[in-house]
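The values are calculated or read from the model by the stated rules, or taken from the named source; none is laboratory data. All values reported here derive from a predicted model rather than from experimental measurement. Note: ideal-geometry Cβ built from the backbone for every residue, glycine included; neighbour counts use all protein chains shown.
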Amino acid sequence: LFVPDALIAGARLVLEAQQSHYLLHVLRYESGAELLVFNGHDGEWLARLGEGKKKAAALDVVEQTRPQEPTPDFLYCFSPIKVGRLDYLVQKAVEMGAGTLQPVLTQHTQMTRLSVDRLQANAIEAAEQCGILALPKVREAVKFDRLLDGWDKDRRLIFCDEDAAGNNPLSSLKTVEERKLALLVGPEGGFSDAERRQLRSLPFVTAIPLGPRILRADTAAVAALAVIQATVGD
Ligand code: SAM
């Protein structure tokens, strides 16, 4: 369970109403129940449910069970898509090792109203579900051109390009030597020709095909994350 508080042995944490409801009325935990908590920087701690109020469960912090893990240095750049699928896409990216998530507004991005708070909550939920201790960070959206301005040249940008030669991404990924990686997936309407040309012209960019069919953006994202994690990711 994510808690925003400092985690110190003996500390008593009071949960906010939504988490209290979840523990007491959904999971039906009783006093004395043990659970694991994390705050994104102090590692994982064992905590015990104390006598609290209905809408404010109390947790007594016992001991650290896992040390803090570093935030994965994998930058996941995506063009926002429809809200429901966007929640899914953010959760899968976190599960697959994204440490930083960067929404990118490309020429064909259809969705401009973007709630970073909502995406951050989804990222935290994914971390809770997978036992990821380093909190992924969802950044504010940037325009496509701003993404490339001041790009860290030591970070390889892998972009999913349905017009890339061939079908197998592995041959393109074999050339990747950098340890710092980023992935970029386009919007439902795809990258514009100008965006594609700009990406292909950059020495730190690698285009990868993901098979012969046009995938939905969220499908492409998961496919690309899986291929990258299985080959050049860590
Ligand atoms: N341009 C596509 C079309 O013709 O309708 C739509 C783009 S697709 C729905 C969304 C994004 O997923 C693309 O911008 C690309 O990043 C990625 N993608 C989809 N299929 C892909 C494939 N076969 N290979 C590589 N990337 C793919």
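Numbers below:
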{"read-out": "Search result, residues across the range 179-193 that are buried (at least 16 other Cβ atoms within 10 Å of the Cβ) and farther than 15 Å from GLN107 by Cα", "value": "LEU181, ALA182, LEU183"}
{"read-out": "Test result for ALA164, of a type in the set (A, V, I, L, M, F, W, C), within 14 Å of the ligand (Cβ to nearest atom), surrounded by 14 or more Cβ atoms within 10 Å (Cβ to Cβ) and modelled with pLDDT under 95", "value": "yes"}
{"read-out": "Sole residue being basic (Lys, Arg) and either touching a Pro at 6+ places or on another chain (Cβ under 9 Å) or more than 27 Å from ASP87 (Cα to Cα) (or both), chosen from ARG196, ARG156, ARG146, ARG139", "value": "ARG139"}
{"read-out": "Boolean, ASP145 is more than 10 Å from the ligand (Cβ to nearest atom), under 21 Å from the mean Cα position of the chain (by Cα) and charged (D, E, K, R)", "value": "no"}
{"read-out": "Breaking point among (1) more than 30 Å from ALA9 (Cβ to Cβ); (2) touching a residue at least 24 places away in the same chain (Cβ under 8 Å), for LYS55", "value": "(1)"}
{"read-out": "Filtered residues of the range 22-32 (kept if of a type outside the set (Ser, Thr, Tyr) and surrounded by 15 or more Cβ atoms within 10 Å (Cβ to Cβ))", "value": "LEU23, LEU24"}
{"read-out": "Top-ranked residue in the range 65-83 [being in contact with a strand residue (DSSP E or B) (Cβ under 7 Å, 6 or more places away or on another chain) and crowded, with 16+ Cβ neighbours inside 10 Å; ranked as farthest from ASP152 (Cα to Cα)]", "value": "PRO80"}
{"read-out": "Residue match in the range 194-205 (condition: within 7 Å of the ligand (Cβ to nearest atom) and within 23 Å of GLN110 (Cβ to Cβ))", "value": "no"}
{"read-out": "Failed item, numbered, when PRO187 is tested on (1) farther than 22 Å from ASP145 by Cβ; (2) near the ligand (Cβ under 7 Å from one of its atoms); (3) at pLDDT below 95", "value": "(1)"}
{"read-out": "Strands (runs of 3 or more DSSP E) completely within the range 1-111 that count 1 or more residues being more than 19 Å from the chain's Cα centre (by Cα)", "value": "12-14, 34-38, 44-53, 56-66"}
{"read-out": "Within the range 112-124, considering residues that are assigned to a loop (DSSP other than H, G, I, E, B) and of a type outside the set (S, T, N, Q), the one nearest to GLU140 (Cα to Cα)", "value": "LEU114"}
{"read-out": "Pairs with Cβ under 9 Å, 6+ apart, first in the range 207-234 and on the phi > 0 side of the Ramachandran plot and near the ligand (Cβ under 9 Å from one of its atoms), second of a type outside the set (D, E, K, R) and not in a helix (DSSP H, G or I)", "value": "GLY211/ASN167; GLY211/ASN168"}
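A quick yes/no check of all residues on (1) in contact (Cβ under 8 Å) with a residue 40 or more places away in the chain; (2) buried (at least 21 other Cβ atoms within 10 Å of the Cβ); (3) not in a strand (DSSP E or B):
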{"site": "ALA127", "(1), (2), (3)": "yes, no, yes"}
{"site": "ALA134", "(1), (2), (3)": "yes, no, yes"}
{"site": "GLY150", "(1), (2), (3)": "no, no, yes"}
{"site": "LYS153", "(1), (2), (3)": "yes, no, yes"}
{"site": "ILE158", "(1), (2), (3)": "yes, yes, no"}
